[in-house]
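J.: Please see the structure below; I have some questions.
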Amino acid sequence: MLLEQNPERCLSAFPGTEFMSLDVRSKAQCLGSPLSVAFADPILCAQGLKDDTYGEAKRFFELADWQLHAIVCHCHVGGTMKAGWAAVQVRSAFKEQGQLFSRLREAMAHWPALRIFTHASE
């Protein structure tokens with residue numbers, strides 16, 4: 001992961017994302033943030049990362065607002081964070097997201113209406 005290449009690098013946190021309107025938060029940028037690091041990566045840009053805004057990071061990395069907020073907002077990390085810490089938080093968000101969808105799929109497999117579809121393909 002890009003953030004792990006220099007784990008001691010000091011990165012900036014987004015100030016007060018929870019107080020921004022949805023439109024303002026979506027367009028918010030923070031120089032020197034983990035999102036700036038991601039946007040500086042030509043591989044991520046080639047894969048479709050369009051800019052370093054909060055909203056674009058949510059879209060590209062398929063994160064919920066609360067997940068991205070926990071990674072980049074100053075109320076969770078203070079004014080700055082180490083890149084290594086941010087990397088751990090990103091990995092945790094992806095792992096948690098995968099577990100959430102696995103649990104959801106498992107629960108839905110037992111719903112009577114959906115069993116019709118799952119048995120139809122057997």
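Rule-based calculations on the coordinates, nothing more; no lab input. What you are looking at is a predicted structure, and each value in this text was computed from that prediction instead of being measured. Cβ: placed from backbone, ideal geometry, glycine included. Neighbour counts: every protein chain shown.
J.: Please give every one of the lysines within straight-line cross-link reach of residue 50, meaning a C-alpha to C-alpha distance under 19 Å, and leave out same-chain neighbours fewer than 8 residues apart.
T.: In chain and number order, the partners are 27, 58.
J.: Let me ask something additional. Let's test the formula: R0 of 25 Å, r as the Cβ-Cβ distance of residue 50 and residue 4. What FRET efficiency results, to the nearest 0.05?
T.: The computed FRET efficiency comes out at 0.60.
J.: Here is a further query. Between residue 85 and residue 36, what is the FRET efficiency for a Förster distance of 22 Å, r being their Cβ-Cβ separation, to the nearest 0.05? List each step's numbers first, then the result.
T.: Details: r = 16 Å, r/R0 = 0.72.
My answer for the efficiency is 0.85.
J.: So, one more: Quick one: length gained pulling residue 64 to residue 20 fully straight, 0.36 nm per residue minus the C-alpha distance?
T.: That pair, residue 64 and residue 20, stretches by 14.3 nm at full extension.
J.: Given contacts defined as C-alpha pairs under 8 Å and at least six residues apart, what's the relative contact order of segment 2-90, whole-number percent?
T.: It comes to 46 percent, rounded to a whole number.
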